[in-house]
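The values are calculated or read from the model by the stated rules, or taken from the named source; none is laboratory data. Everything numeric in this text was worked out from a predicted model, so none of it was measured. Cβ atoms come from the backbone with ideal geometry, glycine included; neighbour counts cover every protein chain shown. With ligands, DNA and RNA removed, areas are computed over all heavy atoms of the protein, side chains included. Shrake-Rupley method; radii C 1.70, N 1.55, O 1.52, S 1.80 Å.
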Amino acid sequence: KESDTGRVQFAGLTCSLPSESVCGAHWTAQQDGSGVEIVLCDGLGHGPLAAHEAQDLAAAYEALDGEPGDILSRLSHQLSDRRGAVAAAIKVEPETAALAYGGVGNISTILVRKGEVKRFPVRDGRIGGQPLTAFSEAKTLQSGDVIVLHSDGLSTFRPHEFNMALFSRPPLSIAATLLHTNLRGRDDASIAVLRFD
């Protein structure tokens, strides 16, 4: 899936464990007049049960209003005593160049800006277990910024290994290249990429 909404372009891909028919990592995006929100979830384990948890969490996220960290914190209290999932979310408002981020668990989120890479921190844990407060952060975006969210089905990106020219390409090309070069092959995987121009 990919989309272009003026200053914001985004795309994402999922890939199931080869032995499974469904992917336990899931991403989704919402667009409205104020901007774009992306949430990427990874259910514990893999296969149908993990897919159910990830998709339920994404749907619950989309049903709430607020900033990403606040929504994930509220869901942590609402969705306790479940198999659970980890999640990260971003909200981008093009008119103000505002980025809001929230994360729980081992979803990696990075910002690539002019050849430099910033990794967003996360709060350890999962949504579905002990209620917790998600880590949150706000930033002002610059033209050309690229944000990447990915599950642990992809190996950790090491900035010194990047070909930075990749991040000048469309989001779908970035997502496909990173998925191809970093896929672990022993878990479900999902990646979403957003470009701000």
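Of everything in region 179-197 that's among the aliphatic types (A, V, I, L, M) and surrounded by fewer than 21 Cβ atoms within 10 Å (Cβ to Cβ), which residue is farthest from G144 (Cα to Cα)? Write out each step before concluding.
Residues of region 179-197 that are among the aliphatic types (A, V, I, L, M), as a first pass: 179, 183, 189, 191-194.
Within this subset, residues satisfying the condition of being surrounded by fewer than 21 Cβ atoms within 10 Å (Cβ to Cβ) are 179, 183.
On the way: L179: 21, L183: 25 Å.
My answer is L183.
Just to be sure before I move on: is R195 under 15 Å from the mean Cα position of the chain (by Cα), more than 23 Å from V104 (Cβ to Cβ) and not hydrophobic (A, V, I, L, M, F, W, C) in the structure I sent? Explain how you work it out, then say what you get.
On the way: under 15 Å from the mean Cα position of the chain (by Cα): yes; more than 23 Å from V104 (Cβ to Cβ): yes; not hydrophobic (A, V, I, L, M, F, W, C): yes.
When the stated conditions are applied, R195 passes them.
The residue pairs whose first member lies in region 100-124 and is open to solvent by 30 Å² or more (accessible area, probe 1.4 Å), whose second member is in a strand (DSSP E or B) and of a type in the set (D, E), and whose beta carbons are closer than 9 Å, counting only pairs six or more residues apart or on different chains, are N106/D42; R113/D145; K114/D145; P121/E137. Inside region 179-197, can you point out the residues that are under 25 Å from R7 (Cα atoms) and assigned to a helix (DSSP H, G or I)? Matches in region 179-197: L179 only.
Flag: G153 does not match the condition of being at positive phi and of a type outside the set (S, T, Y).
Here region 136-162 is the region considered, the condition is being part of a strand (DSSP E or B) and surrounded by 19 or more Cβ atoms within 10 Å (Cβ to Cβ), and the residue that is modelled with the lowest pLDDT is L154. Within region 172-197, no residue that is over 17 Å from V92 (Cβ atoms) sits with its Cβ atom under 6 Å from a residue that is among the basic types (K, R) at 6+ positions apart or across chains. Is it the case that some residue within region 163-178 is surrounded by fewer than 17 Cβ atoms within 10 Å (Cβ to Cβ), under 24 Å from R7 (Cβ atoms) and of a type in the set (F, W, Y)? Looking through region 163-178, none of the residues is surrounded by fewer than 17 Cβ atoms within 10 Å (Cβ to Cβ), under 24 Å from R7 (Cβ atoms) and of a type in the set (F, W, Y).
I'd like to check something: does region 36-43 contain any residue that is surrounded by fewer than 18 Cβ atoms within 10 Å (Cβ to Cβ) and touching a residue at least 24 places away in the same chain (Cβ under 8 Å)? Looking for residues that are surrounded by fewer than 18 Cβ atoms within 10 Å (Cβ to Cβ) and touching a residue at least 24 places away in the same chain (Cβ under 8 Å), one finds none in region 36-43, hence no. Among the residues here, H77 qualifies as touching a Leu at 6+ places or on another chain (Cβ under 9 Å) and assigned to a helix (DSSP H, G or I).
Applying the selection to region 14-33, what residues are open to solvent by 10 Å² or more (accessible area, probe 1.4 Å) and either free of Cβ contacts under 8 Å to residues at least 60 places away in the same chain or under 11 Å from the mean Cα position of the chain (by Cα) (or both)?
Filtering region 14-33 down to residues open to solvent by 10 Å² or more (accessible area, probe 1.4 Å) leaves 14-23, 26-33.
Hits for region 14-33 are S19, S21, V22, H26, W27, T28, A29, Q30, Q31, D32, G33.
Going by what's in this entry, would L64 be described as loosely packed, with under 14 Cβ neighbours inside 10 Å and in contact with a Lys or Arg (Cβ under 7 Å, 6 or more places away or on another chain)? Yes; evaluated as a whole, the condition is true for this residue.
Beta carbons closer than 6 Å, at least 6 apart along the sequence or on distinct chains, pair a first residue in region 62-80 that is more than 10 Å from V104 (Cβ to Cβ) with a second that is in a loop (DSSP other than H, G, I, E, B) for I71/L64; H77/P131; L79/G128; S80/P131. Tell me which residues, restricted to region 6-22, are more than 16 Å from G185 (Cβ to Cβ) and hydrophobic (A, V, I, L, M, F, W, C). V8, F10, A11, V22, listed by residue number. When D70, D56 are checked against the criterion of being buried (at least 18 other Cβ atoms within 10 Å of the Cβ), out of contact with any helix residue (DSSP H, G or I) (no Cβ under 6 Å at 6 or more places or on another chain), of a type in the set (D, E) and in a helix (DSSP H, G or I), D56 stands alone in meeting it.
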